[in-house]
Amino acid sequence: MTTTTRSLYRLTAGVCSLLASIAVTQAQLAFNNVPTSGFSAFSTSSTPNTFMGGGYNLAAGTTAITGFDVYPVNTSGVNYTGIKITIFVWGTVNTSGTVNATTPAFGNLLNTYTLTSAGSFNTGFYFPFENVPGVTPGISLSTPLNIPSTQIGLSFNYQGTTDGVNYSGANNLTSIISSNAPTVGSEVFAGYYRNAGSPTETDGNFTSSLRSLGGLGNFQSLAVRIYTVPEPTSLALAGIGAAALLIFRRRK
């Protein structure tokens, strides 16, 4: 093996290691209705709204979820020093148009995720839980969640604390509604669910009808970015191209 060949081998190996690192740290969008500019955000003052949910069609080929960007809003009148976020992920969405105790909005609960965050969550503001939009999720799952199809349901519950210990839900500590057309994926409904029915609607599922805000048109679902793993083929092709480019430069 010549000196030049050994150098090229080391260079190619280094590129492969870099690509492996990128695969771990980066993600790909499966759904997005939160543009980085021109975001049209609304909240509902109709109560109760401590639990809210919606149906989402993810990008074709999505088989797993790796994270979320979420957008709680606080118009409760209380300034919180911390917030607890709970996300319910459902494997089936009721699209029959009939939602009741027998046929609720969602089925096949895949997983529930809960986390807390300390900080100033003052009334009158919404709070983006995001990192690098479209690249790195604000909330990353420790293990990718496999999904049975590209249609899922999501429910959100937010609880606040004023002492850093005790958390409780409150009306109008809830989810932002986006009226932007999705740039990735699509909405199952032009609307959203909130726990407006019986008191049992506190498990992330809903037995009362779909809701909507007048005047928002065909796009109004809870604001969220949903992330998945990068496509293996695209990542491999990108790696081959980068390695070839670096090798070519070395030879010159």
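At R0 = 25 Å, how high is the FRET efficiency between residue 167 and residue 143 if r is their beta carbon distance? Nearest 0.05 is fine.
Working: r = 25 Å, r/R0 = 1.00.
Plugging the Cβ-Cβ distance into 1/(1 + (r/R0)^6) gives 0.50.
Per residue, the convex hull spanned by the alpha carbons of region 86-158 comes to 154 Å³. The length gained by stretching the chain between residue 36 and residue 102 to full extension, at 0.36 nm per residue less their Cα-Cα distance, is 19.8 nm.
For region 142-199, what Kirkwood radius comes out of the mean inverse Cα-Cα distance, in Å?
On the way: mean 1/r = 0.0667 Å⁻¹.
Evaluated on region 142-199, it is 15.0 Å.
What residues of region 73-90 lie in the reach of a label at residue 117, counting those whose backbone N is under 16 Å from a point 7 Å from the Cα along Cα→Cβ? Those under the cut-off are 73-75, 80-88. Shown for region 160-199: the carbon plus sulfur share of the solvent-accessible area, taken with all protein chains present and a 1.4 angstrom probe, equals 47%. How many angstrom lie between the C-alpha centres of region 197-225 and region 85-131? Distance between centres, Cα-based: 10 Å. Largest accessible area first, the residues 210, 110, 58 order themselves as 210, 110, 58 under a 1.4 Å probe with ligands, DNA and RNA left out. With protein chains left intact and a 1.4 Å probe, residues in region 59-180 average 43 Å² of accessible area per residue. A simple spin-label model places the labels of residue 109 and residue 95 2.4 nm from each other, with each point 7 Å out along Cα-to-Cβ. For region 94-103, the Karplus equation 6.51 cos²θ - 1.76 cosθ + 1.60, evaluated at θ = phi - 60°, returns couplings of 6, 10, 6, x, 10, 10, 7, 5, 7, 10 Hz by residue, with Gly and Pro reported as x. Over all projection directions, the Cα-based convex hull of region 31-161 averages an area of 9.2 nm².
The values are calculated or read from the model by the stated rules, or taken from the named source; none is laboratory data. Everything numeric in this text was worked out from a predicted model, so none of it was measured. We place every Cβ from the backbone using ideal geometry, glycine too, and count neighbours over all the protein chains shown. Only protein heavy atoms, including side chains, enter the accessible area calculation; ligands, DNA and RNA are left aside. Shrake-Rupley method; radii C 1.70, N 1.55, O 1.52, S 1.80 Å.
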